[in-house]
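What follows is a set of notes on a single structure, which appears directly below.
Readers should treat all values here as calculations from the given coordinates under stated rules, not as data from a laboratory. The model shown is predicted, which means the values in this text are computed figures rather than measured ones. All Cβ positions, glycine included, derive from the backbone under ideal geometry; neighbour counts span all protein chains shown.
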Protein chains: 2
Amino acid sequence: MRRKPLGMIVGGMMSAMFRELKRRTSERTDSKLTIDQVGLLYAISQNDRDVTQQDMAELMLKDKSSILRMIDSLENKELVRRAVDREDRRKNQIFVTKKGERTIEQYLQIEFELMDELLDGLSADDLDAFYRVVNHIRTRAEGALFCANS
Amino acid sequence: MRRKPLGMIVGGMMSAMFRELKRRTSERTDSKLTIDQVGLLYAISQNDRDVTQQDMAELMLKDKSSILRMIDSLENKELVRRAVDREDRRKNQIFVTKKGERTIEQYLQIEFELMDELLDGLSADDLDAFYRVVNHIRTRAEGALFCANS
DNA sequence: ACAATTAGTTGTAATAATCAACTATTTGTA
DNA sequence: TACAAATAGTTGATTATTACAACTAATTGT
């Protein structure tokens, strides 16, 4: 009996999860954002310091032009604003607007609600182990990436 | 301190993992397949009975026309073949060719290798818990989906 | 002062996904 | 049996996402 590939096991879980999340958010919010757009918005708002597009490109593992267009889209929806960095005029600082913050809250509420349902019935020990493994895999995968690029 | 959304935690792990997987497969294989195409190929080969495009659409949570085009692509690369079902001529049965099987093996080898690296250092207990949680989440997410559609 | 680097922008092309409309076939039922 | 409904697959059109390359403007290093 051969073991199943990790990517497919976890991938299946993610598909099912994201599909349900997408269904709920499209039902219960007006602003139509993709999962990635919400992720970007959230990442901008959570960061300790003012972020640039380049920062976000590295964080989200995407090309800078992809991020640029995502931010175009978010700015059109008035969820973020760009402002030229005073100290380095090549850079744009990205700010989340009040409307953007409200939007994040709306999405987070839906996501936490779903999360509660999905995790219900699991022991605290299992959950701890789960997060440990997730972090371990992510760190290793990014480490492999780092080595490859350097 | 607010907890982080599950989708973003696991999503980050998946991005890092898939990015590294993509890098390795594009380096070490000639046939350029996406992760999803490999997943489809694998799903066809692993299924107990002969599968139809509709089956795969349900399994992969995609539109049937998406699957159709993925299979077009796989058939062009001579990795699968279609044949009309003798008992229900509306259906196509999808078969994996020998070349397709060799291709799956090639990808699986890369994936298992990466998997070993990523999971190295984790205890068996943590891994068991991890798989338990993954299955739990997937089952619940699909259940939510099922209820919503019925 | 000038080359190299960096951040952002734009154009373009490739890919992927979905929706709706359509054909062919099968199933259910009046 | 005949005909409506459902099913599987196909096609066309549209949309979104992504990446790559070429470009501008600003900054850094020598």
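The chain A residue nearest the rotation axis shared with chain B, using its Cβ and rounding the distance to whole Å, is A:ALA129, 2. With the label put 7 angstrom out from Cα along the Cα-to-Cβ vector, B:SER123 ends up 1.2 nm from the copy partners, going from closest to farthest. Its Cα centre serving as origin, chain B has a Cβ charge dipole (Lys and Arg +1, Asp and Glu -1) of approximately 660 debye. The overall shape of region B:23-112, judged from the alpha-carbon gyration tensor, is prolate: a/c is not under 1.5, and a/b is greater than b/c. Mean partner shielding of peptide B:125-132, defined as the number of other chain Cβ atoms within 10 Å of each residue Cβ, is 6.
Inter-copy label distances at A:LYS22, using a point 7 Å along Cα-to-Cβ, come to 1.6 nm with the shortest given first.
Hey, what angle do you get for helix A:98-119 against the long axis of chain A, alpha-carbon based, 0 to 90 degrees rounded to 10? Computed tilt is about 0 degrees. 3J(HN,Hα) couplings calculated from phi for region B:11-26 with the Karplus curve 6.51 cos²θ - 1.76 cosθ + 1.60 (θ = phi - 60°) are, in sequence order, x, x, 4, 4, 4, 4, 5, 5, 5, 5, 4, 5, 4, 5, 5, 6 Hz; Gly and Pro show x. Take A:SER73, move 7 Å from Cα toward the beta carbon, and the resulting point lies 1.9 nm from the same point in each other copy, nearest first. When the pairs A:LYS62/A:LYS91; A:LYS77/B:LYS22; A:LYS99/B:LYS4; A:LYS64/B:LYS64; B:LYS32/B:LYS62; A:LYS32/A:LYS62 are compared against a 25 Å limit on Cα-Cα distance, A:LYS77/B:LYS22; A:LYS64/B:LYS64 fall above it. Rounded to the nearest 10 degrees, the inclination of helix A:35-46 to the longest alpha-carbon principal axis of chain A is 70 degrees. For chain A, find the longest principal axis of its Cα atoms and tell me its angle to the long axis of helix A:64-76, 0 to 90°, nearest 10. Relative to chain A, helix A:64-76 is tipped by roughly 70 degrees. What the pair-distance distribution of chain A shows, using all Cα-Cα distances binned every 5 Å from zero, is 2, 7, 14, 17, 18, 17, 13, 8, 3, 1, 0, 0, 0 percent.
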